[in-house]
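**Student:** Have a look at this one.
The values are calculated or read from the model by the stated rules, or taken from the named source; none is laboratory data. Keep in mind that what you see is a predicted model, and the values were worked out from it rather than measured. Cβ placement follows ideal geometry from the backbone for every residue including glycine, while neighbour counts extend to all protein chains displayed.
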Amino acid sequence: MRSRCLVVSLASPRSRSSSFAIATLSLALAVAHGPRALADGPFTLTSASFRDGGTVDAAQVFDQDDCKGANRSPQLSWHDAPAGTRSFAVTIFDPDAPGPGWWHWAVAEIPANIDRLPENASASGYIKKLGAVEARNDFEIDGYGGPCPPAGKPHRYVITVYALSTTDLRLAQGRPAFMFDHEIGTATIGSAKMVVNYGR
């Protein structure tokens, strides 16, 4: 009886410690090999093309009608996506345009291992190479269409990157941007944004 009690009293702490270590290691491996590792900080968006609260440069301005920009989609980088992210989406929207606003860009199904888009990713074909899809913007063009507001008060342009819980939103290239926005909303688990301004 004493022998049995001695074995239990010596083995229990060691057994509990070993079980805890195994459980901790299993959790770490599951997190590391999941869709995304746990974020170290808040989900954030940065850009080499834009400064939050700043003014849009000519390189990103639309290139038709009275607007004489280069219509290059902006460089964007995002950091610390939430755990469980399986893909990303990006939108640019003008809430100050007449009516319901104006969609300038919507991209979905960006792979989860991508954390940036280079400048001019839309026109250069980079988006397509990723396997992502672009909406038809409110200029009736597939892909990016830069700012080109009516003359007068500057408009705000909201750039948002979304972390999504799925890799497939069942969206096809060239579908309207508002449709992209709806489907993105059904799978969003986190988002980061910046706002820039442009007027003529």
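**Student:** Among the residues of segment 113-170, what is the count of those that are among the aliphatic types (A, V, I, L, M), touching a Ser or Thr at 6+ places or on another chain (Cβ under 8 Å) and either in a helix (DSSP H, G or I) or not assigned by TED's automatic domain parsing to the domain that holds Ser73 (or both)?
**Tutor:** Within segment 113-170, residues that are among the aliphatic types (A, V, I, L, M), touching a Ser or Thr at 6+ places or on another chain (Cβ under 8 Å) and either in a helix (DSSP H, G or I) or not assigned by TED's automatic domain parsing to the domain that holds Ser73 (or both) number 2.
**Student:** Being polar (S, T, N, Q), within 21 Å of Ile189 (Cβ to Cβ) and surrounded by fewer than 18 Cβ atoms within 10 Å (Cβ to Cβ) is the requirement here; does Ser87 meet it?
**Tutor:** Spelling it out, it is not the case that Ser87 is polar (S, T, N, Q), within 21 Å of Ile189 (Cβ to Cβ) and surrounded by fewer than 18 Cβ atoms within 10 Å (Cβ to Cβ).
**Student:** Among the residues of segment 69-111, count how many are among the acidic types (Asp, Glu) and either touching a helix residue (DSSP H, G or I) at 6+ places or on another chain (Cβ under 6 Å) or not in a strand (DSSP E or B) (or both).
**Tutor:** Looking only at that region, the number is 2.
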